[in-house]
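In what follows, a structure is listed as structure tokens, so that the remarks can point back to it.
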Amino acid sequence: VQLQASGGGLVQAGGSLTLSCAASRHSFSSYAIGWFRRAPGKEREFVAAIRWSGGNKSYADSVKGRFAISRSYAKNTVDLQMNSLNPEDTAVYYCAAGRPIVSAFSEESMYYYWGQGTEVTVSS
């Protein structure tokens, strides 16, 4: 599975962005798709995940209520709607595909395939 993350950019604090994760040459049907991010000088961390079949979702506490993950059957993408962005959300965002159980959605080791990352910069 090849993943392509897109939608990053520069936005002011309080603004919104939508990231998309697309799969080439494969469908998401048997996978969970997760979004992770790596802020400058920090380790990569879990942001959100969704199971394509069934729609189970999970969010990091730091983004609950601000970010929303969804699947688009028409586009075959998993989108991450990010609202009320703040400078602490500045990071490279990666999407990944794997087959974790719901309770392990946040575990990086459960994801087999990773996209190249898309950079999000939030200015204050």
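The values are calculated or read from the model by the stated rules, or taken from the named source; none is laboratory data. Computed from a prediction, not measured in an experiment: that's the story for all the values here. Positions of Cβ are generated from backbone atoms using ideal geometry, with glycine treated the same way; all protein chains shown enter the neighbour counts. For the accessible areas, the whole protein counts, side chains as well, though only heavy atoms, and no ligand, DNA or RNA atoms are used. Shrake-Rupley method; radii C 1.70, N 1.55, O 1.52, S 1.80 Å.
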query = Under the classification rounded if a/c is under 1.5, otherwise prolate if a/b is larger than b/c and oblate if not, where does segment 65-124 fall, given a ≥ b ≥ c as square roots of the Cα gyration tensor eigenvalues?
reply = prolate
message = Less than 15 Å Cβ to Cβ from residue 72, Lys/Arg counted +1 and Asp/Glu -1: what total charge do the surrounding residues give?
response = +3
query = Any idea what the dipole of the chain comes to, in debye rounded to 20, about its Cα centre with Lys/Arg Cβ at +1 and Asp/Glu Cβ at -1?
reply = 360 debye
remark   = Karplus ³J(HN,Hα) for segment 75-91 (6.51 cos²θ - 1.76 cosθ + 1.60, θ = phi - 60°; Hz, whole; x = Gly/Pro) runs 9, 6, 10, 10, 10, 10, 7, 10, 10, 6, 5, 10, x, 5, 7, 4, 4
key: Relative contact order (%) - criterion: Cα under 8 Å, at least six apart; region: the chain   = 36 percent
request  = Under 28 Å Cα to Cα from residue 75, which lysines show up? Leave out anything in the same chain fewer than 8 places away.
outcome  = 57, 64
key: Per-residue SASA entry for residue 71, accessible area with 1.4 Å probe, Å² rounded to 10   = 80 Å²
request  = Using only protein heavy atoms and a 1.4 Å probe, report how much of residue 88 is accessible, in Å² to the nearest 10.
outcome  = 130 Å²
note = Residue separation between residue 101 and residue 121 times 0.36 nm, minus their alpha-carbon distance, gives in nm 4.1 nm
note = Residue by residue through segment 45-58, the couplings from Karplus 6.51 cos²θ - 1.76 cosθ + 1.60 with θ = phi - 60°, in Hz, x for Gly and Pro, are 9, 6, 10, 6, 8, 9, 8, 4, 8, x, x, 4, 10, 8
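Mind checking the full-extension length gain between residue 72 and residue 16? Use 0.36 nm per residue of separation minus the Cα-Cα distance, one decimal, nm.
So the extension gain works out to 18.3 nm.
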query = Mind checking which aspartates and glutamates have their C-alpha under 19 Å from residue 42, skipping anything on the same chain fewer than 8 residues away?
reply = 61, 88, 89, 107, 108, 119
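Summing Lys, Arg as +1 and Asp, Glu as -1, what charge do residues with Cβ under 14 Å from the Cβ of residue 32 carry, residue 32 excluded?
That works out to +2.
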remark   = Taking the dipole of segment 1-112 about the Cα centre (Lys, Arg +1; Asp, Glu -1; charges at Cβ), the one of 28, 91, 50 that reaches farthest to the positive side is 28
note = Mean projected area (nm²) from the convex hull of Cα positions in the chain is 6.8 nm²
request  = Enter the accessible area of residue 114 (Å², nearest 10), with the probe set to 1.4 Å and all protein chains included.
outcome  = 80 Å²
